[in-house]
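For reference, the structure is listed below as structure tokens.
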Amino acid sequence: MPKSLFISPSELRKAGFLEFSPIPVNRYNKTIGEEKEFFTDDDFLRIYRDMMVIREFETMLNLIKTRGEYNGIAYNHPGPAHLSIGQEAAAVGMAYTLTVDDFIFGSHRSHGEILAKGLSAIHQLGEEALMQIMESHFGGTTLRPVLAGHEGTTRELAVRFLVYGTLAEIFARETGFNRGLGGSMHAFFTPFGVYPNNAIVGGSGDIAAGAALFKKVNRKKGIVVANIGDASMACGPVWEGLSFAAMDQFHSLWEEDMKGGLPLIVNIMNNQYGMGGQTAGETMGYGIAARIGAGVNGDQMHAERVDGYNPLAVIDAYRRKRQILEEKRGPVLLDVLTYRYSGHSPSDASSYRSKEEVEAWEQADSIGWFGNELVRAGVAEPLQLEQIRQETGELIGWALKLATDDEVSPRMNLYARPNLIGEMMFSEGSADRMAEGVPEACHPLEENPRIRQLATRERYAFDKEGKPHSKIRNYVLRDGIFEAIIDRFYKDPTLIAYGEENRDWGGAFAVYRGLTEALPYHRLFNSPISEGAIVGTAIGYAMCGGRVVPEIMYCDFLGRAGDEVFNQLPKWQAMSGNVLKMPVVLRVSVGSKYGAQHSQDWTALAAHIPGLKVVFPVTPYDAKGLMNSALQGTDPVIFFESQRIYDIGEMFRKEGVPAGYYEIPLGEPDIKRPGEDVTILTVGATLYRAIEAAGILQEKYGLSAEVIDARSLVPFNYETVIGSVKKTGRIVISGDASARCSFMRELASTITELAFDYLDAPPVVVGSRNWITPAYELEEHFFPQPSWIIDAIHERIVPLKGHTPTHDFSEAEQLDRNARGI
Ligand SMILES: Cc1ncc(C[n+]2csc(CCOP(=O)(O)OP(=O)(O)O)c2C)c(N)n1
Ligand SMILES: [Mg+2]
């Protein structure tokens, strides 16, 4: 249903003031005595114990890094260890009230958060559930070393499992929580609600918002916490995540039980520093980070600063904020004051702060202070606290010994299985739906007006006599994409799609016309203009178990989502040790008419990044079949589309585009015109210019060209192309990307390696010039034209009798262009 939110000039033009409410700062002031009503002595002691576990864990790592030894156990750990000594109360306070269904995301400095949340989950889970979690993680690989000789309770076993799994991960052991592929900065363990920690600081900002979106849309229990460093509050993904999470539409347009804000707490772990830059007073202007909330939405994100040196203050805040989230009034911003005594990393010389400052915070140390308070309030005897400290030391020493033992904690054996990591890059799943359930829709699929309209369209572009149908009668490429997507919307209840102008507008290029009527807001909506958040939230949504189709309006805008597309989307499946799946089909439209910033083909950038599948279909049949495959899979797919041809009919498949469901496997190039004398391999919409060139080659020069459409870039099965080259001995590769470092160059070099013996001449690349894309009116000088392909064949492969080239494809010209970098 189209929306109606009337914008009234008389209302909007009224005079007034924007008003803000006071933001509470360190308002918690209860004593332990006063809190006894809400905590048992055991609870207090557990808080103390959890803080102590983190302290000792991090202290051990600090000693390993700086001295190569802890309690007589020597070890060399060359990898990172960003420690949070001093921040324990903030972590334990954050995790204490969270349930197992609540998810936390973090950063490079999140060992403490993993332990705190894990310990909290272990406290809550029953013994059977704990056993089941531990036994099923990688078929017991992490549990086995822990279980050997264990004599305590299941809960004690689980604590050992948590500490060991985290440490083994930090040391890159296959027995670690992520098979050693995550490591210190990316370790996590989803069964305890610990979701990915991100070494790209601030990276969790939009991903966590996507996880909260998943919870909301799929009616899952629990809230999501994004732990973000104070310095990372400057990062784009954090701001984009905030904008996304605070969208008005959750309240104004989403309907029934979907109405209301996202269950998200952005928890600033405010330790006052980046690495050495001081946030308040130097690198940021917020003074008190909680101020940010006032700029995000009318609720000021219910922002508050809390004293993260007192675990009870943080717990109190979480209790209150959770209620806000349960009332669907999120998101929430918490500025949790803390301090790290440890350096940014163990090599940090602390040149950016004074000894006095560190000592002043050490004086106020949360563990020492909390212990004293417990004694003062009669909760614990000093001896009890000392016993906790000792037990913790033993626990950490035990874990270190085990995690550094190459026999029990081996690394992934890449000698025996050299391709193991390669095999983990993709999940290669096939799933009609990511969860059971009835997909929500506003009407049955057959009643959809566009589906009905498409039933009357010509699914092959030519009539019986071979004459083209009038354009408006044709079933076109955008229809193929639409049919695949709407079909999946009716199969997979988790599927959602969003991007800029995706709803009422129907997508900037009308691919989604007809979807607005079919789907409720929570399955199809307009996002803010936040390419980072569009992709980042999709990543968070998918890693929690949903399927999602985000859209980037122009390929050129991919740069705005650079971190999400290049660092997050491709990496989490393997970095998780294959715990996570990433069923995200990212639609990216390649422009042509709007000049330098709206016309670039960046397929090579996507294909370069390991972990992404990349397709670029250019016929209605291929578009539908490849979209079906992409949506059936569980891997991230960058789905390139070309704005030149959204309204092109099916010109190659005489049977037309099937109305029913079919898949075209990713990775198979397709011969679009058979031939004998020369192969023209195209990437993207250049196919149609290559077909034109092939016609001219045949008619004017009697040369029969075989035209192959790459269709996919990653994966890519070379067999068809090599088979063609064996026959023709000649190949031109053409596409609309600027030629330098393009995927065409990759194809050319691989074909040279694989088919050198069959080639009469080296493969020739005919791409766009290495310039800015000029205006549409000048584009024939920039994008490959049929005449360029013919000229290139004439100049570099086989002279064409009587041909006078109009473009210079000589070696001298190529050398000169390269020498000048153009
Ligand atoms: C995008 C990005 N920029 C820079 C870095 C290098 N770096 C690692 S940690 C860090 C400081 C982060 O400060 P903050 O967010 O406050 O977290 P803290 O280290 O204090 O926990 C920097 C600059 C990075 N990892 N990622
Ligand atoms: Mg910081």
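The values are calculated or read from the model by the stated rules, or taken from the named source; none is laboratory data. Quantities reported herein were computed from a predicted structural model and do not represent experimental measurements. Here Cβ is always computed from backbone atoms with ideal geometry, including for glycine, and neighbour counts include all displayed protein chains.
Based on this model, can you work out whether Val296 counts as in contact (Cβ under 8 Å) with a residue 24 or more places away in the chain, surrounded by 24 or more Cβ atoms within 10 Å (Cβ to Cβ) and of a type outside the set (Phe, Trp, Tyr)?
In short, no.
From the list His123, His137, His186, His150, which residue is under 25 Å from Gly532 (Cα atoms) and more than 16 Å from ligand 2 (Cβ to nearest atom)?
Result: His186 is the single residue among His123, His137, His186, His150 that is under 25 Å from Gly532 (Cα atoms) and more than 16 Å from ligand 2 (Cβ to nearest atom).
Quick check on my filter: what residues within the range 482-525 are of a type in the set (Lys, Arg), closer than 16 Å to Pro449 by Cα and crowded, with 22+ Cβ neighbours inside 10 Å?
Hit for the range 482-525 is Arg503, nothing else.
Residues Pro528, Pro550, Pro468, Pro570: which one is surrounded by fewer than 22 Cβ atoms within 10 Å (Cβ to Cβ) and within 25 Å of the chain's Cα centre (by Cα)?
Testing whether each residue is surrounded by fewer than 22 Cβ atoms within 10 Å (Cβ to Cβ) and within 25 Å of the chain's Cα centre (by Cα) leaves just Pro528.
Conditions tested, residue by residue: (1) assigned to a loop (DSSP other than H, G, I, E, B); (2) within 18 Å of Met575 (Cβ to Cβ).
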residue	(1), (2)
Glu156	no, no
Tyr164	no, no
Glu174	yes, yes
Asn178	yes, yes
Leu181	yes, yes
Tyr195	no, yes
Gly202	yes, yes
Ile207	no, yes
Phe214	no, no
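Consider only pairs whose beta carbons are under 7 Å apart and that are at least six residues apart or on different chains; among these, list those whose first residue lies in the range 25-38 and is touching a residue at least 60 places away in the same chain (Cβ under 8 Å) and whose second residue is charged (D, E, K, R).
Matching pairs, first to second residue: Val25/Arg305; Asn26/Arg305; Asn26/Asp307; Tyr28/Asp307; Tyr28/Asp316; Ile32/Glu373.
Do any residues in the range 190-203 that are at positive phi and modelled with pLDDT of 95 or more have Cβ atoms under 8 Å from those of residues that are away from ligand 2 (no atom under 16 Å from the Cβ) and not in a helix (DSSP H, G or I), where the two are at least six apart or on different chains, and which pairs are they?
Within 8 Å, the pairs are Gly193/Leu98; Gly193/Thr99; Gly193/Val100; Gly193/Asp101; Gly193/Asp102; Gly193/Phe103; Gly193/Ile104; Gly193/Gly222.
For (1) away from ligand 1 (no atom under 15 Å from the Cβ); (2) of a type in the set (Gly, Ala, Ser), each residue gets a yes or a no:
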{"residue": "Ile114", "(1), (2)": "no, no"}
{"residue": "Ile133", "(1), (2)": "yes, no"}
{"residue": "Thr141", "(1), (2)": "yes, no"}
{"residue": "Gly165", "(1), (2)": "yes, yes"}
{"residue": "Glu169", "(1), (2)": "yes, no"}
{"residue": "Arg173", "(1), (2)": "yes, no"}
{"residue": "Arg179", "(1), (2)": "yes, no"}
{"residue": "Gly193", "(1), (2)": "yes, yes"}
{"residue": "Gly202", "(1), (2)": "no, yes"}
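Given the criterion surrounded by 15 or more Cβ atoms within 10 Å (Cβ to Cβ), within 22 Å of His344 (Cα to Cα), small (Gly, Ala, Ser) and at pLDDT 95 or above, identify the matching residue among Gly68, Gly112, Gly118.
Testing whether each residue is surrounded by 15 or more Cβ atoms within 10 Å (Cβ to Cβ), within 22 Å of His344 (Cα to Cα), small (Gly, Ala, Ser) and at pLDDT 95 or above leaves just Gly112.
Pairs under 6 Å by beta carbon, first residue over 19 Å from Ile722 (Cβ atoms) in the range 677-701, partner modelled with pLDDT of 95 or more and among the aromatic types (Phe, Trp, Tyr), six or more apart or different chains?
Partner pairs satisfying both residue conditions: Gly684/Phe616.
What single numbered condition from (1) crowded, with 16+ Cβ neighbours inside 10 Å; (2) free of Cβ contacts under 8 Å to residues at least 40 places away in the same chain; (3) not β-branched (Val, Ile, Thr) fails to hold for Ser749?
(1)
Asp365: closer than 19 Å to Glu282 by Cα and either touching a Pro at 6+ places or on another chain (Cβ under 8 Å) or at pLDDT 95 or above (or both), yes or no?
In short, no.
With the structure loaded, tell me whether Gly165 is crowded, with 24+ Cβ neighbours inside 10 Å, of a type in the set (Gly, Ala, Ser) and free of Cβ contacts under 8 Å to residues at least 40 places away in the same chain or whether it fails that test.
Yes: the conditions hold for Gly165.
I'm checking my understanding of the structure. Among residues of the range 289-312 that are assigned to a loop (DSSP other than H, G, I, E, B) and under 23 Å from Ala209 (Cβ atoms), which one is nearest to ligand 1 (Cβ to nearest atom)?
Gly308
Residue-by-condition table, conditions (1) more than 16 Å from ligand 2 (Cβ to nearest atom); (2) touching a Gly at 6+ places or on another chain (Cβ under 9 Å):
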residue: Glu255; (1), (2): yes, no
residue: Met258; (1), (2): yes, no
residue: Ile265; (1), (2): yes, yes
residue: Gly276; (1), (2): no, no
residue: Thr279; (1), (2): no, yes
residue: Gly287; (1), (2): no, yes
residue: Ala294; (1), (2): yes, no
residue: Met301; (1), (2): yes, yes
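Output the residue which, of all residues in the range 698-723 that are assigned to a helix (DSSP H, G or I) and not charged (D, E, K, R), is farthest from Leu626 (Cα to Cα).
Top of the filtered list is Tyr701.
Among the candidates Arg13, Arg27, Arg55, Arg46, which residue alone is modelled with pLDDT of 95 or more, over 33 Å from the mean Cα position of the chain (by Cα) and crowded, with 17+ Cβ neighbours inside 10 Å?
Within the list Arg13, Arg27, Arg55, Arg46, the selection yields Arg46.
For Asp316, indicate whether it is closer than 24 Å to Asn29 by Cα, of a type outside the set (Lys, Arg) and away from ligand 1 (no atom under 16 Å from the Cβ).
Judged against the criteria, Asp316 is a match.
Kindly indicate the residue of the range 192-211 that is touching a Cys at 6+ places or on another chain (Cβ under 9 Å) and closer than 19 Å to Ala538 by Cβ and also surrounded by the fewest Cβ atoms within 10 Å (Cβ to Cβ) among those meeting that condition.
Ile200
What is the number of the single condition among (1) buried (at least 21 other Cβ atoms within 10 Å of the Cβ); (2) within 29 Å of the chain's Cα centre (by Cα); (3) not polar (S, T, N, Q) that Leu61 does not meet?
Only one criterion in (1) buried (at least 21 other Cβ atoms within 10 Å of the Cβ); (2) within 29 Å of the chain's Cα centre (by Cα); (3) not polar (S, T, N, Q) is unmet by Leu61, namely (2).
Among the residues of the range 605-624, write down those that are closer than 17 Å to Asn717 by Cα, in contact (Cβ under 8 Å) with a residue 24 or more places away in the chain and not in a loop (DSSP other than H, G, I, E, B).
Ala607, Lys613, Val614, Val615, Asp622
When you scan the range 330-368, how many residues do you find that are in contact (Cβ under 8 Å) with a residue 12 or more places away in the chain and either of a type in the set (Lys, Arg) or closer than 30 Å to Ile223 by Cα (or both)?
Count: 16.
So which residues in the range 235-245 are surrounded by fewer than 24 Cβ atoms within 10 Å (Cβ to Cβ) and either without any contact (Cβ under 8 Å) to a residue 12 or more places away in the chain or more than 15 Å from ligand 1 (Cβ to nearest atom) (or both)?
Once the filter is applied, which keeps residues that are surrounded by fewer than 24 Cβ atoms within 10 Å (Cβ to Cβ) and either without any contact (Cβ under 8 Å) to a residue 12 or more places away in the chain or more than 15 Å from ligand 1 (Cβ to nearest atom) (or both), the range 235-245 yields only Ser243.
Residue pairs, Cβ under 6 Å, 6 or more apart or interchain, first in the range 214-234 and within 13 Å of Ser204 (Cα to Cα), second away from ligand 1 (no atom under 15 Å from the Cβ). List them.
Val224/Phe103; Val224/Ala211; Val224/Ala212; Val224/Leu264; Val225/Ile265
State whether one or more residues within the range 251-267 are within 14 Å of ligand 1 (Cβ to nearest atom) and either in contact with an Asp or Glu (Cβ under 8 Å, 6 or more places away or on another chain) or among the polar types (S, T, N, Q) (or both).
Yes, the range 251-267 contains at least one residue that is within 14 Å of ligand 1 (Cβ to nearest atom) and either in contact with an Asp or Glu (Cβ under 8 Å, 6 or more places away or on another chain) or among the polar types (S, T, N, Q) (or both).
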